[in-house]
Amino acid sequence: MKNVIQKAYFDHFGTKVDFLVQSPGRINLIGEHTDYNHGFVLPAAIDRSLILGIGPRTDSQVHVFAHDLNQSFQFNLSHHYQKSELQWPNYLMGILHQIQKRTGILPHGFNCVFGGNIPLGAGLSSSAALECGAAFGLNQLYALGLSRIELALLGQAAENEFVGVRCGIMDPFANIFGQENQVIKIDCESLNYEYVPFLANDLDLVLCDTGVKHSLATSEYNTRRAECESGVRAIQASFPEIKSLRHAKLHHLEAIRTQIPVATYLRCSYIIHEIERVPLACDDLIRCDFEAFGRKMFATHEGLKNEFAVSCEELDFLVENAKKH
């Protein structure tokens, strides 16, 4: 893929690419929807990635070519960014908006060609790969001096403030900090993290594509986040010390159960259980007890299906058939 992007860059801009960035997708093994509730997550970078070829310009123009989509987009760093109906340019404009907020106007624009093998809309964070890959590349190109954690935070802010998805830190964090044969236990409240080994010579992580595409910007994602926040406010009325579902326990939720909609109760119940599952799942991996770890993954799916209501028929089918093997 690197050779393809290098050739596409030369064909498009008539010069050799200055450098390439390989920006991975990610999976999350357990800890679903817990990041924006200040809980724990357990993601890992995967062997699917975007390759971005980046080179400087002498003006303030940004010229980008999405190789896989055969689409071009141009904009000016000094102009107010307008969202694009193509969608993918919004991730780039969002990250540039954040870079400019933190470091000032970039000295020049840039050319970029990108492409890769992360399936779009498959929940593997192709958007974070594009945002963080561009941020990482520009950090190098113009010596901006941004740390890795700052790059991850830029990716989250780009989604929150420009794209319009109120996502947590997990996707950009996994993209920036992912390592081979390691999963990352991230505390989404403190941003402390630790690597947990995934050492299983006789096991592989297999990603199964349901064929059902989704876009966080148009999905129920923001609705679920709002429901969780509504539950926290209800709990705070009786327990002011509870600032997020990270610190809520089931007895807090049960105490206000009759005061909130059933849907809100179910969303919060799932999150509380899921936050408790992640550290226990890490202990399973450290012991190489993959059967116990697998049982927790199945429990997560049941919660996502029955309490958080974000599964679908095709995914349920795959999970049920996976149980037979």
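The values are calculated or read from the model by the stated rules, or taken from the named source; none is laboratory data. All of these numbers come straight from a predicted model, not from anything done at the bench. Backbone-built Cβ (ideal geometry, glycine too); neighbour counts: all protein chains shown. Note: areas computed on protein heavy atoms with side chains; ligands, DNA, RNA excluded. Shrake-Rupley method; radii C 1.70, N 1.55, O 1.52, S 1.80 Å.
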Taking region 94-108 and keeping residues of a type in the set (V, I, T) and in contact (Cβ under 8 Å) with a residue 60 or more places away in the chain leaves I95
Residues of region 112-140 classified as assigned to a strand (DSSP E or B) and either open to solvent by 10 Å² or more (accessible area, probe 1.4 Å) or within 10 Å of I95 (Cα to Cα) (or both), total: 2
Considering region 246-282, residues that are farther than 14 Å from F308 by Cα, in contact with a Cys (Cβ under 9 Å, 6 or more places away or on another chain) and among the aliphatic types (A, V, I, L, M), and then whichever is surrounded by the fewest Cβ atoms within 10 Å (Cβ to Cβ), we arrive at I260
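Is it the case that F293 is hydrophobic (A, V, I, L, M, F, W, C), under 23 Å from E227 (Cβ atoms) and open to solvent by less than 50 Å² (accessible area, probe 1.4 Å)?
So F293 does not fit the description; no.
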Going through region 26-73 one residue at a time, which ones are farther than 30 Å from E229 by Cα, basic (K, R) and part of a strand (DSSP E or B)? R48
Among the numbered criteria (1) open to solvent by less than 20 Å² (accessible area, probe 1.4 Å); (2) within 20 Å of Y221 (Cβ to Cβ), which single criterion is violated by Y91? (1)
So for region 213-225 (the condition being open to solvent by 10 Å² or more (accessible area, probe 1.4 Å), in contact with a Pro (Cβ under 9 Å, 6 or more places away or on another chain), within 24 Å of S125 (Cβ to Cβ) and in contact (Cβ under 8 Å) with a residue 60 or more places away in the chain), does at least one residue qualify? yes
Being in contact (Cβ under 8 Å) with a residue 12 or more places away in the chain and basic (K, R) is the requirement here; does K7 meet it? no
Single residue of region 144-189 satisfying the filter (among the polar types (S, T, N, Q) and touching a residue at least 24 places away in the same chain (Cβ under 8 Å)) that is most open to solvent (accessible area, probe 1.4 Å): Q179
Selection from region 45-60 of residues that are under 18 Å from N90 (Cα atoms) and at pLDDT below 95: S60
